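The values are calculated or read from the model by the stated rules, or taken from the named source; none is laboratory data. Computed from a prediction, not measured in an experiment: that's the story for all the values here. Cβ: placed from backbone, ideal geometry, glycine included. Neighbour counts: every protein chain shown. Note: accessible area is taken over every heavy atom of the protein model, side chains too, but ligands, DNA and RNA are not part of it. Shrake-Rupley method; radii C 1.70, N 1.55, O 1.52, S 1.80 Å.
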Amino acid sequence: MNIGIVGLGLIGGSLGLDFRTLGHQVLGVSRKPQTCELALQRGAVDQASPDLALLSTAEIIFICTPLGAMQKTVQQLIPHLGTEAIVTDVGSVKASVADALHPLWPRFLGGHPMSGTEAAGIEAAQSQLFQGNAYVLTPMDETPIEIILIVETLVQSLGGTVYKCTPAEHDRAVAWISHLPAIASTTLIAACLTEPDADVLKLAQALASSGFRDTSRVGGGNPELTRMMAQYNRDALLQSLSAYRHTLDQLTQMIEQGDWDMLTAQCIQTQQVRPQFMLPP
Ligand code: NAP
(Lines give C-alpha, C1' and ligand atoms only; values in the text may rest on other atoms or scores of the structure.)
Protein backbone atom coordinates (compact mmCIF):
# COMPACT_ATOMS: atom_id res chain seq x y z
CA MET A 1 0.00 0.00 0.00
CA ASN A 2 0.91 3.65 -0.25
CA ILE A 3 1.09 4.64 3.43
CA GLY A 4 1.43 8.19 4.77
CA ILE A 5 2.73 9.05 8.23
CA VAL A 6 2.51 12.52 9.79
CA GLY A 7 4.79 13.09 12.80
CA LEU A 8 8.02 11.12 12.41
CA GLY A 9 8.80 10.49 16.08
CA LEU A 10 8.98 7.34 18.18
CA ILE A 11 5.62 5.93 17.04
CA GLY A 12 5.51 7.36 13.49
CA GLY A 13 9.12 6.37 12.79
CA SER A 14 8.60 2.88 14.20
CA LEU A 15 5.51 2.38 12.02
CA GLY A 16 7.52 3.51 9.00
CA LEU A 17 10.38 1.08 9.70
CA ASP A 18 7.98 -1.88 9.91
CA PHE A 19 5.76 -0.89 6.98
CA ARG A 20 8.81 -0.53 4.72
CA THR A 21 10.11 -3.92 5.84
CA LEU A 22 6.69 -5.34 4.90
CA GLY A 23 7.09 -3.90 1.38
CA HIS A 24 4.79 -0.86 1.60
CA GLN A 25 5.68 2.51 0.14
CA VAL A 26 5.99 4.96 3.07
CA LEU A 27 5.58 8.74 2.64
CA GLY A 28 6.52 10.71 5.77
CA VAL A 29 5.68 14.26 6.78
CA SER A 30 7.20 15.97 9.80
CA ARG A 31 7.48 19.57 10.93
CA LYS A 32 11.25 19.86 10.92
CA PRO A 33 13.33 19.28 7.76
CA GLN A 34 16.07 17.64 9.86
CA THR A 35 13.53 15.11 11.23
CA CYS A 36 12.57 14.27 7.62
CA GLU A 37 16.28 13.90 6.77
CA LEU A 38 16.89 11.61 9.76
CA ALA A 39 13.83 9.50 8.94
CA LEU A 40 15.20 8.97 5.42
CA GLN A 41 18.66 8.11 6.78
CA ARG A 42 17.15 5.64 9.25
CA GLY A 43 15.11 3.93 6.50
CA ALA A 44 11.79 4.78 8.16
CA VAL A 45 10.37 6.39 4.97
CA ASP A 46 10.79 6.22 1.20
CA GLN A 47 10.16 9.94 0.83
CA ALA A 48 9.86 12.69 3.43
CA SER A 49 8.92 16.35 3.49
CA PRO A 50 7.52 19.02 5.84
CA ASP A 51 4.85 19.58 3.13
CA LEU A 52 1.57 17.66 3.59
CA ALA A 53 1.08 17.74 -0.22
CA LEU A 54 3.46 14.73 -0.29
CA LEU A 55 0.54 12.63 0.96
CA SER A 56 -1.79 13.27 -2.00
CA THR A 57 -1.27 9.70 -3.26
CA ALA A 58 -1.44 7.99 0.15
CA GLU A 59 -4.19 5.38 0.57
CA ILE A 60 -4.01 5.51 4.37
CA ILE A 61 -2.46 8.14 6.63
CA PHE A 62 -1.37 7.54 10.23
CA ILE A 63 -1.48 10.75 12.31
CA CYS A 64 1.40 10.35 14.80
CA THR A 65 1.81 13.90 16.11
CA PRO A 66 1.32 14.83 19.78
CA LEU A 67 -2.38 14.83 20.76
CA GLY A 68 -2.57 18.62 20.86
CA ALA A 69 -1.51 18.94 17.20
CA MET A 70 -3.85 16.33 15.68
CA GLN A 71 -6.90 18.46 14.87
CA LYS A 72 -4.89 21.20 13.17
CA THR A 73 -2.81 18.61 11.32
CA VAL A 74 -5.90 16.89 9.87
CA GLN A 75 -7.50 20.24 8.96
CA GLN A 76 -4.34 21.12 7.01
CA LEU A 77 -4.14 17.62 5.50
CA ILE A 78 -7.70 17.46 4.11
CA PRO A 79 -7.10 19.61 0.97
CA HIS A 80 -4.39 17.13 -0.07
CA LEU A 81 -6.34 13.91 0.53
CA GLY A 82 -7.74 11.64 -2.17
CA THR A 83 -11.49 11.04 -1.71
CA GLU A 84 -10.96 7.38 -0.73
CA ALA A 85 -8.06 8.02 1.66
CA ILE A 86 -8.34 6.55 5.14
CA VAL A 87 -7.13 8.58 8.11
CA THR A 88 -6.21 6.91 11.38
CA ASP A 89 -4.32 8.17 14.43
CA VAL A 90 -2.17 6.65 17.17
CA GLY A 91 -3.09 8.98 20.03
CA SER A 92 -3.03 7.71 23.61
CA VAL A 93 -6.48 9.24 24.27
CA LYS A 94 -9.44 8.46 22.05
CA ALA A 95 -12.69 10.30 22.94
CA SER A 96 -11.35 13.83 22.47
CA VAL A 97 -9.50 12.78 19.30
CA ALA A 98 -12.62 11.10 17.88
CA ASP A 99 -14.72 14.19 18.71
CA ALA A 100 -12.21 16.42 16.92
CA LEU A 101 -11.31 14.27 13.90
CA HIS A 102 -14.43 12.28 13.06
CA PRO A 103 -16.44 15.31 11.91
CA LEU A 104 -13.51 16.41 9.74
CA TRP A 105 -13.15 13.22 7.69
CA PRO A 106 -15.80 10.46 7.43
CA ARG A 107 -13.14 7.84 6.54
CA PHE A 108 -11.45 8.26 9.94
CA LEU A 109 -10.80 5.46 12.42
CA GLY A 110 -9.19 6.05 15.81
CA GLY A 111 -6.39 3.78 16.97
CA HIS A 112 -3.90 3.40 19.83
CA PRO A 113 -0.90 1.06 19.80
CA MET A 114 -0.20 -0.09 23.36
CA SER A 115 3.53 0.09 22.67
CA GLY A 116 6.19 2.63 23.53
CA THR A 117 9.38 3.44 25.34
CA GLU A 118 10.37 6.33 27.58
CA ALA A 119 12.30 7.88 24.69
CA ALA A 120 10.96 10.27 22.05
CA GLY A 121 11.79 11.44 18.54
CA ILE A 122 12.89 9.75 15.32
CA GLU A 123 16.17 8.67 16.97
CA ALA A 124 14.09 6.48 19.32
CA ALA A 125 12.12 4.74 16.52
CA GLN A 126 12.64 1.00 16.45
CA SER A 127 11.59 -2.03 14.38
CA GLN A 128 9.01 -4.45 15.76
CA LEU A 129 7.84 -2.02 18.45
CA PHE A 130 4.25 -3.25 17.99
CA GLN A 131 5.05 -6.99 17.86
CA GLY A 132 3.17 -8.95 20.52
CA ASN A 133 1.34 -5.91 21.90
CA ALA A 134 -2.31 -4.83 21.94
CA TYR A 135 -3.49 -2.21 19.42
CA VAL A 136 -6.88 -0.64 20.14
CA LEU A 137 -9.27 0.50 17.39
CA THR A 138 -12.25 2.68 18.28
CA PRO A 139 -14.77 2.54 15.40
CA MET A 140 -17.93 4.63 15.56
CA ASP A 141 -21.34 3.32 14.42
CA GLU A 142 -20.93 5.10 11.10
CA THR A 143 -17.33 3.97 10.40
CA PRO A 144 -17.33 2.08 7.06
CA ILE A 145 -16.61 -1.60 7.69
CA GLU A 146 -13.98 -1.81 4.91
CA ILE A 147 -11.89 0.81 6.72
CA ILE A 148 -11.93 -1.24 9.91
CA LEU A 149 -10.84 -4.33 7.94
CA ILE A 150 -7.97 -2.49 6.20
CA VAL A 151 -6.58 -0.96 9.42
CA GLU A 152 -7.06 -4.25 11.28
CA THR A 153 -5.11 -6.15 8.60
CA LEU A 154 -2.27 -3.60 8.70
CA VAL A 155 -2.08 -3.75 12.51
CA GLN A 156 -2.01 -7.55 12.45
CA SER A 157 0.83 -7.44 9.89
CA LEU A 158 2.83 -5.46 12.50
CA GLY A 159 2.32 -8.33 14.98
CA GLY A 160 -0.23 -6.38 17.02
CA THR A 161 -3.39 -7.85 18.53
CA VAL A 162 -6.48 -5.79 17.73
CA TYR A 163 -9.01 -4.84 20.41
CA LYS A 164 -12.12 -2.87 19.50
CA CYS A 165 -14.09 -0.70 21.90
CA THR A 166 -15.69 2.72 22.11
CA PRO A 167 -13.45 5.77 22.61
CA ALA A 168 -14.93 6.28 26.11
CA GLU A 169 -14.28 2.67 27.15
CA HIS A 170 -10.72 2.97 25.86
CA ASP A 171 -10.12 6.15 27.85
CA ARG A 172 -11.44 4.65 31.09
CA ALA A 173 -9.37 1.48 30.65
CA VAL A 174 -6.10 3.28 29.84
CA ALA A 175 -6.67 5.71 32.71
CA TRP A 176 -6.21 2.71 35.04
CA ILE A 177 -3.27 0.96 33.40
CA SER A 178 -1.36 3.75 31.68
CA HIS A 179 -2.28 7.27 32.77
CA LEU A 180 -2.68 6.57 36.53
CA PRO A 181 0.68 4.69 36.57
CA ALA A 182 2.35 7.66 34.82
CA ILE A 183 1.12 10.04 37.53
CA ALA A 184 1.76 7.58 40.39
CA SER A 185 5.27 6.98 39.11
CA THR A 186 5.92 10.72 38.75
CA THR A 187 4.66 11.20 42.31
CA LEU A 188 6.98 8.45 43.56
CA ILE A 189 10.08 10.16 42.17
CA ALA A 190 8.90 13.60 43.36
CA ALA A 191 8.21 12.23 46.88
CA CYS A 192 11.74 10.80 47.13
CA LEU A 193 13.09 14.29 46.43
CA THR A 194 11.42 15.58 49.61
CA GLU A 195 14.01 13.68 51.74
CA PRO A 196 15.53 16.56 53.73
CA ASP A 197 18.95 14.99 54.35
CA ALA A 198 21.10 15.30 51.22
CA ASP A 199 23.35 12.41 52.28
CA VAL A 200 20.36 10.08 52.79
CA LEU A 201 18.95 11.09 49.40
CA LYS A 202 22.31 10.38 47.78
CA LEU A 203 22.45 6.99 49.51
CA ALA A 204 18.89 6.19 48.37
CA GLN A 205 19.87 7.04 44.78
CA ALA A 206 22.92 4.79 45.03
CA LEU A 207 20.88 1.90 46.47
CA ALA A 208 17.99 2.15 43.98
CA SER A 209 17.78 -1.10 42.07
CA SER A 210 15.26 -3.17 40.07
CA GLY A 211 12.25 -2.37 42.29
CA PHE A 212 12.73 1.37 41.89
CA ARG A 213 13.59 0.96 38.22
CA ASP A 214 10.28 -0.84 37.57
CA THR A 215 8.07 1.47 39.62
CA SER A 216 9.63 4.75 38.45
CA ARG A 217 10.11 3.97 34.73
CA VAL A 218 7.02 5.71 33.35
CA GLY A 219 7.48 8.67 35.70
CA GLY A 220 10.87 9.24 34.06
CA GLY A 221 9.41 9.17 30.53
CA ASN A 222 8.41 11.79 27.97
CA PRO A 223 6.95 14.76 29.99
CA GLU A 224 4.99 16.07 26.99
CA LEU A 225 3.21 12.72 26.65
CA THR A 226 2.21 12.66 30.32
CA ARG A 227 0.93 16.22 30.11
CA MET A 228 -1.16 15.40 27.01
CA MET A 229 -2.60 12.25 28.65
CA ALA A 230 -3.67 14.27 31.68
CA GLN A 231 -5.01 17.15 29.61
CA TYR A 232 -6.98 15.07 27.11
CA ASN A 233 -8.14 12.27 29.44
CA ARG A 234 -8.73 14.50 32.44
CA ASP A 235 -12.07 13.12 33.70
CA ALA A 236 -11.15 9.43 33.57
CA LEU A 237 -7.72 10.16 35.05
CA LEU A 238 -9.23 12.17 37.92
CA GLN A 239 -11.60 9.27 38.68
CA SER A 240 -8.75 6.76 38.82
CA LEU A 241 -6.61 9.18 40.90
CA SER A 242 -9.45 9.54 43.37
CA ALA A 243 -9.69 5.75 43.77
CA TYR A 244 -5.90 5.58 44.06
CA ARG A 245 -5.83 8.24 46.81
CA HIS A 246 -8.60 6.40 48.68
CA THR A 247 -6.69 3.09 48.47
CA LEU A 248 -3.46 4.79 49.57
CA ASP A 249 -5.31 6.31 52.55
CA GLN A 250 -6.62 2.86 53.51
CA LEU A 251 -3.13 1.32 53.40
CA THR A 252 -1.67 4.29 55.30
CA GLN A 253 -4.32 3.78 57.99
CA MET A 254 -3.48 0.06 58.28
CA ILE A 255 0.18 0.96 58.81
CA GLU A 256 -0.65 3.75 61.30
CA GLN A 257 -2.85 1.38 63.30
CA GLY A 258 -0.35 -1.50 63.04
CA ASP A 259 -3.02 -3.63 61.37
CA TRP A 260 -0.50 -6.00 59.83
CA ASP A 261 -3.07 -8.74 59.14
CA MET A 262 -5.16 -6.36 57.03
CA LEU A 263 -2.06 -5.14 55.23
CA THR A 264 -1.00 -8.73 54.53
CA ALA A 265 -4.50 -9.60 53.29
CA GLN A 266 -4.42 -6.64 50.91
CA CYS A 267 -0.97 -7.61 49.60
CA ILE A 268 -2.08 -11.25 49.12
CA GLN A 269 -5.03 -10.03 47.08
CA THR A 270 -2.91 -7.78 44.86
CA GLN A 271 -0.28 -10.52 44.48
CA GLN A 272 -3.05 -12.86 43.26
CA VAL A 273 -4.68 -10.44 40.80
CA ARG A 274 -1.55 -8.87 39.30
CA PRO A 275 -1.09 -11.72 36.75
CA GLN A 276 -4.52 -10.81 35.34
CA PHE A 277 -3.01 -7.48 34.21
CA MET A 278 0.00 -9.24 32.64
CA LEU A 279 -1.84 -11.56 30.24
CA PRO A 280 -0.43 -11.81 26.72
CA PRO A 281 -2.69 -9.79 24.37
P1 NAP B 1 7.41 11.90 19.59
O2 NAP B 1 8.46 10.85 19.59
O3 NAP B 1 7.66 13.18 20.28
O4 NAP B 1 7.00 12.17 18.07
C5 NAP B 1 6.03 13.10 17.67
C6 NAP B 1 6.51 13.79 16.40
O7 NAP B 1 5.51 14.70 15.96
C8 NAP B 1 7.78 14.57 16.63
O9 NAP B 1 8.89 13.84 16.17
C10 NAP B 1 7.58 15.87 15.87
O11 NAP B 1 8.34 15.89 14.67
C12 NAP B 1 6.13 15.89 15.48
N13 NAP B 1 5.49 17.06 16.10
C14 NAP B 1 5.70 17.55 17.34
N15 NAP B 1 4.92 18.61 17.58
C16 NAP B 1 4.21 18.81 16.46
C17 NAP B 1 3.26 19.76 16.06
N18 NAP B 1 2.86 20.74 16.89
N19 NAP B 1 2.75 19.66 14.83
C20 NAP B 1 3.14 18.67 14.00
N21 NAP B 1 4.06 17.74 14.30
C22 NAP B 1 4.58 17.81 15.52
O23 NAP B 1 6.06 11.32 20.23
P24 NAP B 1 5.49 9.83 20.18
O25 NAP B 1 5.84 9.17 21.46
O26 NAP B 1 5.84 9.19 18.89
O27 NAP B 1 3.93 10.14 20.25
C28 NAP B 1 3.21 10.45 19.09
C29 NAP B 1 1.76 10.07 19.29
O30 NAP B 1 1.71 8.69 19.64
C31 NAP B 1 1.08 10.83 20.43
O32 NAP B 1 -0.18 11.24 20.02
C33 NAP B 1 0.99 9.82 21.56
O34 NAP B 1 -0.18 10.01 22.34
C35 NAP B 1 0.93 8.51 20.80
N36 NAP B 1 1.47 7.34 21.51
C37 NAP B 1 2.67 7.42 22.16
C38 NAP B 1 3.16 6.30 22.82
C39 NAP B 1 4.48 6.32 23.57
O40 NAP B 1 4.68 5.52 24.47
N41 NAP B 1 5.39 7.20 23.24
C42 NAP B 1 2.45 5.09 22.78
C43 NAP B 1 1.26 5.05 22.06
C44 NAP B 1 0.77 6.17 21.43
P45 NAP B 1 9.34 17.12 14.35
O46 NAP B 1 10.66 16.67 14.90
O47 NAP B 1 9.33 17.17 12.88
O48 NAP B 1 8.81 18.34 15.03
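A few notes on this one:
- Note on LEU201/ARG227: beta-carbon distance plugged into 1/(1 + (r/R0)^6) with R0 of 35 Å gives a FRET efficiency of 0.85.
- Of the peptides 7-20, 127-140, the order by per-residue mean of other Cβ atoms within 10 Å, starting with the highest, comes out as 7-20, 127-140.
- Computed about its Cα centre, the charge dipole of the chain is approximately 360 debye, with only Lys, Arg, Asp and Glu carrying charge at their Cβ.
- For the residues PRO196, PRO144, PRO50, a GNM of the chain with alpha-carbon springs under 10 Å puts the largest fluctuation on PRO196.
- The calculated FRET efficiency for VAL273 paired with ALA208, based on their beta-carbon distance and R0 = 22 Å, is about 0.25.
- Expressed to the nearest 5 percent, the antiparallel share of DSSP beta bridges inside the chain is 15 percent.
- Nearest 10 degrees, 0 to 90: helix 223-232 Cα axis against the chain principal axis: 80
- Taken per residue, the accessible surface of region 1-49 reaches 39 Å², heavy atoms only and a 1.4 Å probe.
- In plain terms, the chain from LYS32 to ARG245 could stretch by 72.5 nm, reckoned as 0.36 nm per residue minus the Cα-Cα distance.
- Shown in residue order for region 132-137 are the 3J(HN,Hα) couplings computed by the Karplus curve 6.51 cos²θ - 1.76 cosθ + 1.60 at θ = phi - 60°: x, 10, 6, 9, 8, 10 Hz (x for Gly and Pro).
- In this rough spin-label picture, where each label sits 7 Å from Cα along the Cβ direction, the SER49-GLU169 distance is 4.1 nm.
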